[in-house]
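**Student:** Sharing a structure here in structure tokens format.
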Amino acid sequence: MTKTCGSWLGGWLVLGLASVTACGSVTSLGADGAAGGGAGSQGTAGAQGTAGAQGTAGSQGTAGSQGTAGSQGTAGSQGTAGAAPDAGVDGAAGAGPMDAAADRAASCPATYTSLAENAACPIPSGTTCDYEQGRCGCLPCGSAAGVFSSSWSCRAWDTGGQGCPARSPAVGSTCATPNQFCTYAGLCSLSVGQNVQCSNGHWQLFQSPVGSCALRMCGGGTDGGADHPPDTCAQASDCPGGACFLQLDGSKACVKPRATPTLSSCQFAPQGCCAKDADCAQAGSTNGRCLPLIDVKENFCGGAVPQGNVCRYDQCRTDADCKATAPAGTLVSACIPSGAFNVFNATCLSGACRTHADCTLHAGGKCQVGQAATHGVCALRNVFFCAYPSDPCGNSDSPACASGSICVPNDNLQGRVCGQGPPQYP
């Protein structure tokens with residue numbers, strides 16, 4: 001049980017996107033799968049060491065004539081199957097070192113996926129539940145009627161950002177990508193680690209964003225609503241060569257794949273520059289496309305113009321493919337087909353809304369796609385967010401933001417404010 005404390009859309013910037021100690025360990029089972037777990041040097045059941053279902057103790061076996069070494073836990077103090085948290089009926093220590101049921105509150109759901117995002121909170125305030133996949137807890141929320149509560153939210157361990165380690169790395173440990181930023185801490189979401197930067201070959205802490213978080217809506221939804229424009233398609237077969245796509249206004253329409261721009265020369269490009277789609281045949285990937293690096297480079301905040309071309313592949317086929325990689329606190333995860341929102345390959349996009357009907361915090365809400373706030377860090381990602389006529393910036397009659405600031409979504413993706421943009425390197 002862990003206690004917690006608290007546009008550039010002219011092209012497409014690919015999504016990028018804050019650990020806890022392992023809660024115990026268990027001695028691995030022997031090759032014969034003994035029912036009581038490997039007993040170590042004190043608990044070996046002879047040459048066969050099976051002491052399992054047949055209770056064959058072997059010539060030296062001391063596991064009892066009935067082979068009850070597992071049920072009685074007498075397989076040696078080092079190898080007792082019940083000594084490890086979340087051992088499960090087969091003595092395995094859960095699905096991984098983070099999955100320690102005995103260290104979770106009794107009120108925690110049984111699994112990481114037991115509850116839907118934004119479901120009613122089942123645990124006391126300040127409590128989090130750690131699983132193999134990530135950490136879950138509750139965040140404050142409110143309703144349109146002004147009723148305040150808290151709702152369930154989960155965040156995967158590997159949500160530090162594009163190319164970041166699967167778990168929050170230890171400060172001082174080695175890293176290989178200079179100036180890479182990885183954000184595991186949570187400003188308006190659950191924290192799964194620390195915010196770190198790769199500097200001089202080692203992970204170092206960097207100053208985390210500060211500010212207030214606007215209240216998210218309890219129990220969100222993704223229905224397009226009854227007042228959306230008429231659909232022009234119902235399924236993929238209605239759109240030969242394209243996709244039937246749910247638009248922001250709630251209607252469905254056909255979109256066609258985005259055409260490949262003129263490719264760059266590979267003469268001065270980095271190694272691995274592709275010259276045609278046929279060069280992009282990565283095993284296990286689909287729809288390989290050779291694209292100009294300048295059009296698809298992640299986290300490009302200025303500097304030398306990227307040269308050459310690079311292979312890109314589809315990230316998803318359905319919305320369900322995107323749920324596991326969605327940042328914590330996001331209510332919607334969607335697979336965006338090529339051609340929608342100007343993307344080249346099918347891309348996962350997440351956020352606070354899917355259609356205008358989801359934006360109900362204030363009157364006149366509209367669901368938009370744009371750049372998330374970066375707080376001055378070159379960590380670029382596009383998101384679904386809600387925009388309102390009452391926002392202090394971004395509307396036709398809004399005053400311009402002060403010099404050095406731009407209009408960005410709030411961190412909870414409800415409304416917009418003037419904030420610091422990403423660094424602009426010369």
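**Student:** May I ask for the Kirkwood hydrodynamic radius of segment 249-320, worked out over all distinct Cα pairs and given in angstroms to one decimal?
**Tutor:** Working: mean 1/r = 0.0713 Å⁻¹.
Result for segment 249-320 stands at 14.0 Å.
**Student:** Can you compute 3J(HN,Hα) from phi for each residue in segment 255-262, using the Karplus curve 6.51 cos²θ - 1.76 cosθ + 1.60 with θ = phi - 60°, rounded to whole Hz and x for Gly and Pro?
**Tutor:** 10, 9, x, 6, 5, 6, x, 4
**Student:** Follow-up. Show me, for segment 288-305, the HN-Hα J-couplings you get by feeding each phi into the Karplus relation (A = 6.51, B = -1.76, C = 1.60, θ = phi - 60°), rounded to Hz, glycine and proline as x.
**Tutor:** Whole-Hz 3J(HN,Hα) from phi for segment 288-305: x, 10, 8, 9, x, 4, 4, 8, 10, 5, 7, 6, 8, 10, x, x, 4, 5.
**Student:** Which far-off residues, 5 or more places away or on another chain, put their amide H under 5 Å from the one on GLN180, with H placed in the peptide plane?
**Tutor:** Here CYS198 satisfy the definition.
**Student:** Let me ask another. Mind giving me the nanometre distance, one decimal, between the label points for SER285 and THR318, set 7 Å out from Cα along Cα→Cβ?
**Tutor:** 2.4
**Student:** If you don't mind, another one. With a cut-off of 8 Å between alpha carbons and a minimum separation of six or more residues, what is the relative contact order of segment 385-426 in percent? Each step should come with its number before you reach the end.
**Tutor:** Numbers: 58 pairs, mean separation 17.0, N = 42.
That works out to 41 percent.
**Student:** Kindly state, to the nearest 0.05, the FRET efficiency for SER396 paired with ILE294, given R0 = 35 Å and r defined as their beta-carbon distance.
**Tutor:** 0.65
**Student:** Quick one: net charge of SER189's neighbours, Cβ under 9 Å, K/R +1, D/E -1? Mind showing how you got there, number by number?
**Tutor:** Working: positive: ARG155; negative: ASP411.
Charge balance in the 9 Å sphere: 0.
**Student:** Explain nothing, just compute: Karplus ³J(HN,Hα) = 6.51 cos²θ - 1.76 cosθ + 1.60, θ = phi - 60°, for every residue of segment 198-205 in order, whole Hz, x for Gly and Pro.
**Tutor:** Result, rounded to whole Hz: 7, 9, 6, x, 9, 6, 10, 5.
**Student:** Residues with beta-carbon under 10 Å from that of SER333, excluding SER333: net charge, scoring Lys, Arg +1 and Asp, Glu -1?
**Tutor:** -1
**Student:** Next question. Roughly what would the spin-label model give for LYS366 and ASP249, points 7 Å off Cα along C-beta, in nm?
**Tutor:** 1.1
**Student:** Sequence-distant or interchain residues sharing an amide H contact under 5 Å with ILE336, placed H: which?
**Tutor:** THR347, CYS348, LEU349
**Student:** Now a separate question. For segment 316-382, compute Rh as the Kirkwood radius over C-alpha pairs and then the Stokes-Einstein diffusion coefficient at 10 °C and 1.306 mPa s; write the answer in µm²/s, rounded to an integer.
**Tutor:** 122
**Student:** Under the rule a/c < 1.5 gives rounded, and otherwise a/b versus b/c splits prolate from oblate, where does segment 337-418 land using the Cα gyration tensor? Could the numbers behind the result be given before it?
**Tutor:** Working: a/c = 1.98, a/b = 1.22, b/c = 1.62.
Judged from the Cα gyration tensor, segment 337-418 comes out oblate (a/c at least 1.5, b/c at or above a/b).
**Student:** Would you mind checking LYS276/LYS297; LYS323/LYS366; LYS276/LYS323; LYS252/LYS297 for any pair whose Cα atoms are more than 28 angstrom apart? The partial results should precede the final answer.
**Tutor:** Numbers: LYS276/LYS297 17 Å; LYS323/LYS366 23 Å; LYS276/LYS323 31 Å; LYS252/LYS297 30 Å.
From LYS276/LYS297; LYS323/LYS366; LYS276/LYS323; LYS252/LYS297, over 28 Å: LYS276/LYS323; LYS252/LYS297.
**Student:** Sticking with this one: Skipping prolines and chain starts, which residues have an amide H placed within reach, meaning under 5 Å, of the one on VAL417, given they are 5 or more residues away or on another chain?
**Tutor:** The list, which skips near neighbours in sequence, is VAL408, ASN410.
Each value in this text was obtained by applying a stated rule to the coordinates, not by laboratory testing. None of these values were measured; they are calculated from a predicted model. All Cβ positions, glycine included, derive from the backbone under ideal geometry; neighbour counts span all protein chains shown.
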